[in-house]
1. Between 0 and 90 degrees, rounded to the nearest ten: what's the tilt of helix 103-116 against the longest Cα principal axis of the chain?
2. I'd like the Kirkwood hydrodynamic radius of the chain, using the inverse of the mean 1/r over distinct C-alpha pairs, in Å.
3. Determine ³J(HN,Hα), in whole Hz, for all residues of segment 188-195 in sequence, where each value follows from phi through the Karplus function 6.51 cos²θ - 1.76 cosθ + 1.60 and θ = phi - 60°; x replaces Gly and Pro.
4. I want to check the label-to-label distance for GLN214 and ARG180. Put each point 7 Å from Cα in the C-beta direction and report it in nm to one decimal.
5. Fully extended, how many nm does the chain gain between SER134 and ASN47 (0.36 nm per residue separation, minus their Cα-Cα distance)?
6. Which lysines have a Cα lying under 23 Å from the Cα of LYS97, excluding residues fewer than 8 positions away in the same chain?
7. Give me ASP237, ASP87 sorted ascending by neighbouring Cβ count inside 10 Å, so fewest comes first.
8. What ³J(HN,Hα) values, in whole Hz, does the Karplus curve 6.51 cos²θ - 1.76 cosθ + 1.60 give for segment 6-22 when θ = phi - 60°, with x put for Gly and Pro?
Amino acid sequence: MDLTDLMTKAEIIRKKMGEDCNSPIDILSLVQNMDNLTLVYYPMGSNISGICIKNKDGNCTIAINSLMTLGRQRFSLAHELYHYYFDENMVNICSKKIGTGEENERKADIFASYLLMPRTALYEKIVSLKNDISSKLTLEDVIRIEQYFKVSHQTALYQLLNCRFITKREFELYMNIKVRREAELLGFNSDLYKPTSEDKQYCTYGKYLNLAKQMLDKELISNGKYEELLLDAFRSDLVYGLEEGGDVID
Ligand SMILES: [Zn+2]
């Protein structure tokens, strides 16, 4: 597997999103700005992390399993971007296990790791935590790293191992701890380790909503049809105004 090629691809997509390779990125919101992409959150059971479906017209739908933790969802979205931009298959259904499966699945995992945690940014973060880059990373260091990059514990360990900042033995040791509690004890907010709240497990963002609005504005569809399309996309909040309170100007 050509690691340099995957690192370059991750850099290209970072640049496309207007980001350099030195900092963490907010991938969930960056993706909402992509022109041809519809993002769907949907609870999919325990084995599937995400799905990427591309159309011949260049539009793409990415669905993310909202039952996974927020950190894991971010990795899954980065993984699906590999299928969107670089995979010839039109449909990909992706397993939850990181670093396993067919070659394209493993490539997408490595791409995702470099997209969320570029080696330079990871190196700089480690230098900020340790005086000596070669000294052993503690569990606390790993938690500080995953909180900084907003990725799951497993994702952080996977990339630290890929970049040889930890050994396979340390990976296994740190993998088998109750990370949420450890992070809370260090003073971190533990949202990263929790799934999406129940009321937000079904939701759609991006192109689909934009297209529906355009059709309404051009009077190609009725208001009733428009609302039906929104309800199909789990956006009853937009139809019935379920959000509490009005807009706050700040
Ligand atoms: Zn995949």
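Just so you know, all these numbers are worked out from the coordinates, no wet-lab data involved. Keep in mind it's a predicted model, so treat the numbers as computed, not measured. Glycine also receives a Cβ, built like all others from the backbone with ideal geometry; neighbour counts cover every protein chain displayed.
1. 80 degrees
2. Details: mean 1/r = 0.0514 Å⁻¹.
After inverting the mean inverse Cα-Cα distance, the result is 19.4 Å.
3. Each residue's phi maps through the Karplus curve to give 8, 5, 9, 4, 4, 9, 10, x Hz.
4. Once both label points are built, they end up 4.1 nm from each other.
5. Details: separation 87, 0.36 × 87 = 31.32 nm, distance 3.65 nm.
Fully extending the segment from SER134 to ASN47 adds 27.7 nm.
6. LYS9, LYS54, LYS107, LYS150, LYS168, LYS178, LYS194
7. Values: ASP237 13, ASP87 18.
Ordered by Cβ neighbours within 10 Å, fewest first: ASP237, ASP87.
8. Working through the residues one at a time gives 5, 5, 5, 4, 5, 5, 4, 6, 4, 4, 4, 8, x, 10, 8, 9, 9 Hz.
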